[in-house]
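**Q** I'd like to ask some things about the structure below.
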There are 2 protein chains.
Amino acid sequence: MTFPPEATLADAGEFGLISELVGLFPQGEHVLIGPGDDAAVLRVRTGHVVVSTDLMVEGRHFRRDWASAEDVGHRAAAQNLSDLNAMGGRAHSLTVGLAAPADLPARWALEFAAGFAAECALVGASVVGGDVTRADEVVIAVTVIGACLQAPVVRSGAEAGDVLALTGRQGWAAGGLAVLGRGFRSPRVLVEAYRRPEPPYDAGPIAAAAGATSMIDVSDGLLGDAAHLAEASGVAIDVHRAAFEIPEPLVAVGAATGADPLSFILGGGDDHALLATFPDVASVPDGWSVIGDVLEGAPGVTVDGGPYDGPTGWTHF
Amino acid sequence: MTFPPEATLADAGEFGLISELVGLFPQGEHVLIGPGDDAAVLRVRTGHVVVSTDLMVEGRHFRRDWASAEDVGHRAAAQNLSDLNAMGGRAHSLTVGLAAPADLPARWALEFAAGFAAECALVGASVVGGDVTRADEVVIAVTVIGACLQAPVVRSGAEAGDVLALTGRQGWAAGGLAVLGRGFRSPRVLVEAYRRPEPPYDAGPIAAAAGATSMIDVSDGLLGDAAHLAEASGVAIDVHRAAFEIPEPLVAVGAATGADPLSFILGGGDDHALLATFPDVASVPDGWSVIGDVLEGAPGVTVDGGPYDGPTGWTHF
């Protein structure tokens with residue numbers, strides 16, 4: 001390392017930092033030219049690429065006192081890997097941009113990168129490029145590139161008569177965030193779920209192969225993302241309260257905070273669960289729960305046939 | 001439009017803004033799924049993609065009082081399109097992330113997007129995805145994806161005996177920045193060069209076809225980027241002062257500011273000129289100027305055989 005352990009980004013310098021960061025990113029065999037040139041070059045055998053991009057801003061999407069640098073790295077990668085999962089795809093390459101104050105500890109950037117690389121390794125993806133620059137607050141910009149083994153599953157394919165199904169933890173991260181927001185650190189399992197989501201990375205491609213008619217990852221809240229499916233597909237969606245078993249830690253947080261524990265599940269958006277529609281119950285893969293129906297009618301979402309008055313998602317402005 | 005002309009981003013809301021932005025981005029025929037789903041899907045016929053990413057931060061890489069939103073859009077796109085140019089490639093797709101204060105006029109975001117789209121159209125590239133979110137300052141994150149018609153030109157291929165050559169305006173933007181920094185608006189041609197660089201987008205692929213042995217776009221300053229070539233290739237590079245004809249507007253700015261006008265050319269980095277090495281003078285394409293030699297020796301850059309003591313580039317921290 002060309003800088004001491006307690007160095008800031010300003011001490012480390014752009015090129016010193018980049019040189020350390022690049023060492024944290026192993027390159028897959030599809031990477032013909034990796035980080036360090038004007039651009040990376042990737043072999044593409046599938047005839048297509050699937051691409052998505054996301055921003056994370058300190059204070060808005062994460063807090064450095066609520067999650068370690070490594071946790072934030074995991075989350076930043078997971079959020080983007082999940083977008084490809086929601087198309088029925090799998091990531092092979094990512095780029096990451098880090099804008100940060102000059103007095104940010106260089107160690108934070110390195111631990112962030114280590115967490116980011118570890119999350120990418122879960123799906124065998126490589127970090128092929130990036131950028132670092134100075135800013136007043138930490139902003140993380142990620143772009144993910146991958147492929148689908150079969151036709152991508154879009155948001156607009158749901159039809160009346162389909163069933164709505166969910167896979168992955170849902171509401172746990174929102175519960176963890178509520179706990180942290182009140183200055184507590186337990187139930188620990190929820191706090192950990194917030195810090196490091198565990199998106200069901202295999203489930204997207206399996207759902208695509210099983211004939212999912214539409215799919216989205218839950219990032220704006222379960223009902224909010226169901227509404228995106230409804231609007232894109234021109235259908236109505238009804239979600240059934242009784243379909244959800246409330247996990248014990250959410251019951252505990254509900255009791256402690258006075259919130260309906262179901263509101264974490266219906267409104268939460270940081271677990272990166274997958275929400276999809278299938279032609280019938282028989283085609284829903286193992287590991288998914290049927291939680292609603294697709295109906296004819298004005299595009300929108302109801303809960304047990306009526307409007308839902310709890311928090312339903314996330315507003316970016 | 002779902003919001004009034006004087007709306008802020010907060011008034012417009014994330015989805016209102018995105019819906020307007022998407023309308024500004026025409027999609028090429030290689031775009032199988034464009035903006036609006038969890039990810040875009042692009043047809044790739046070349047067997048590979050070339051990828052690069054860059055961040056721009058308000059106050060550091062641009063100022064809203066020194067350039068219009070449309071100018072900033074042009075620059076943000078140009079900076080990234082230029083990275084592919086420097087590989088001998090051409091962009092086909094870009095994503096753009098915009099983090100911005102809630103009170104930013106929505107009009108600024110729309111004009112930025114229009115400039116961005118117009119610059120992309122110069123090379124026939126499509127804006128296929130993006131993200132918007134709130135932040136204390138404006139941060140723009142761009143990822144560019146494209147292809148090379150022949151082997152990518154990397155930084156590490158220069159050999160002793162090669163010649164160093166340059167194409168595109170160089171030093172004009174630095175001159176414009178010096179003018180703006182002193183509160184002036186003329187020479188207007190330099191200010192315009194700073195606001196809207198004109199990278200030589202055809203020159204990269206032509207240089208690759210002509211046998212360029214190494215290439216980089218000038219973004220850290222001419223001597224700084226020559227040093228990147230020297231270090232990556234393990235060679236010494238000597239730049240010849242006499243090779244540069246000083247354009248009249250730079251002479252004028254030098255006279256007004258007391259700066260050596262050559263310092264804008266040797267140290268400037270916002271024009272996105274291309275710097276490349278070729279095996280001999282005969283292989284240098286039309287439109288390029290030979291400005292130096294590649295020599296054996298310790299990796300580094302000299303000017304007329306000696307050290308250069310002017311400003312040589314850009315430090316990110």
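**Q** List, please: which pairs have Cβ atoms under 8 Å, are six or more places apart or on different chains, and start with a residue in the range A:216-241 that is small (G, A, S) and end with one that is part of a helix (DSSP H, G or I)?
**A** Pairs found: A:S219/A:Q79; A:S219/A:S82; A:S219/A:D225; A:G221/A:L266; A:G221/A:G267; A:G224/A:G267; A:A236/A:A230.
**Q** Going through the range A:43-81 one residue at a time, which ones are within 8 Å of chain B (Cβ to nearest Cβ) and crowded, with 24+ Cβ neighbours inside 10 Å?
**A** A:V49, A:V50, A:V51, A:S52, A:T53, A:L55
**Q** Here is a list: A:R107, A:R185, A:R169. Which entry is in a helix (DSSP H, G or I), basic (K, R) and out of contact with any strand residue (DSSP E or B) (no Cβ under 9 Å at 6 or more places or on another chain)?
**A** A:R107
**Q** Going by the structure shown, is B:L104 touching a residue at least 60 places away in the same chain (Cβ under 8 Å), within 10 Å of chain A (Cβ to nearest Cβ) and crowded, with 20+ Cβ neighbours inside 10 Å?
**A** Considered against the rule, which asks whether it is touching a residue at least 60 places away in the same chain (Cβ under 8 Å), within 10 Å of chain A (Cβ to nearest Cβ) and crowded, with 20+ Cβ neighbours inside 10 Å, B:L104 comes out as yes.
**Q** Something else now. Consider only pairs whose beta carbons are under 6 Å apart and that are at least six residues apart or on different chains; among these, list those whose first residue lies in the range B:153-170 and is farther than 18 Å from B:L84 by Cβ and whose second residue is surrounded by fewer than 22 Cβ atoms within 10 Å (Cβ to Cβ) and aliphatic (A, V, I, L, M).
**A** B:A160/B:L295; B:V163/B:V281; B:V163/B:V290; B:A165/B:V290
**Q** Considering only residues that are surrounded by 23 or more Cβ atoms within 10 Å (Cβ to Cβ) and more than 8 Å from chain A (Cβ to nearest Cβ), which ones fall in the range B:148-159?
**A** B:V153, B:A158, listed by residue number.
**Q** What number of residues within the range B:188-201 satisfy the criterion of being part of a helix (DSSP H, G or I) and either of a type outside the set (K, R) or surrounded by fewer than 18 Cβ atoms within 10 Å (Cβ to Cβ) (or both)?
**A** 7
**Q** Scanning for something part of a helix (DSSP H, G or I) and not assigned by TED's automatic domain parsing to the domain that holds B:M87, does the range B:270-278 turn up at least one residue?
**A** There is no residue in the range B:270-278 that is part of a helix (DSSP H, G or I) and not assigned by TED's automatic domain parsing to the domain that holds B:M87.
**Q** OK, next. Quickly run through the range A:39-85 and pick out the residues that are among the small types (G, A, S) and in a strand (DSSP E or B).
**A** A:A40, A:S52
**Q** Hey, among A:T257, A:T277, which residue is surrounded by fewer than 24 Cβ atoms within 10 Å (Cβ to Cβ) and among the polar types (S, T, N, Q)?
**A** Result: A:T257 is the single residue among A:T257, A:T277 that is surrounded by fewer than 24 Cβ atoms within 10 Å (Cβ to Cβ) and among the polar types (S, T, N, Q).
**Q** Does the range B:71-89 hold any residues that are within 10 Å of the chain's Cα centre (by Cα), closer than 18 Å to B:V139 by Cβ and among the small types (G, A, S), and which are they?
**A** Once the filter is applied, which keeps residues that are within 10 Å of the chain's Cα centre (by Cα), closer than 18 Å to B:V139 by Cβ and among the small types (G, A, S), the range B:71-89 yields B:A76, B:A77, B:A78.
**Q** Additional query: Scan A:A226, A:A203, A:A208 and give me the residue that is in contact with a helix residue (DSSP H, G or I) (Cβ under 8 Å, 6 or more places away or on another chain) and aliphatic (A, V, I, L, M).
**A** A:A203
**Q** Same structure, new question: Would the range A:97-114 turn up any residue that is under 16 Å from the mean Cα position of the chain (by Cα), under 18 Å from A:P197 (Cβ atoms) and of a type in the set (G, A, S)?
**A** For the range A:97-114, residues under 16 Å from the mean Cα position of the chain (by Cα), under 18 Å from A:P197 (Cβ atoms) and of a type in the set (G, A, S): absent.
**Q** Can you find a residue that is part of a loop (DSSP other than H, G, I, E, B), crowded, with 24+ Cβ neighbours inside 10 Å, in contact (Cβ under 8 Å) with a residue 40 or more places away in the chain and not β-branched (V, I, T) anywhere in the range B:14-37?
**A** no
**Q** Right, another one. Give the residues of the range B:88-101 that are buried (at least 24 other Cβ atoms within 10 Å of the Cβ) and either farther than 18 Å from A:V51 by Cβ or of a type in the set (F, W, Y) (or both), sorted by residue number.
**A** Hits for the range B:88-101 are B:G88, B:A99, B:A100.
**Q** Here is a further query. Would you mind finding the one in A:A207, A:A227, A:A212 that is under 17 Å from A:V290 (Cα atoms), within 14 Å of another protein chain (Cβ to nearest Cβ), part of a loop (DSSP other than H, G, I, E, B) and out of contact with any Asp or Glu (no Cβ under 8 Å at 6 or more places or on another chain)?
**A** Just a single option satisfies the conditions, and that option is A:A212.
**Q** To continue, here is another question. Restricting the search to the range A:110-147, which residues are part of a loop (DSSP other than H, G, I, E, B) and within 8 Å of another protein chain (Cβ to nearest Cβ)?
**A** A:A135, A:D136, A:E137
The values are calculated or read from the model by the stated rules, or taken from the named source; none is laboratory data. Keep in mind the model is a prediction, meaning the values are calculated, not measured. FYI the Cβ positions are ideal-geometry reconstructions off the backbone, even for glycines, and counts take in every protein chain you see.
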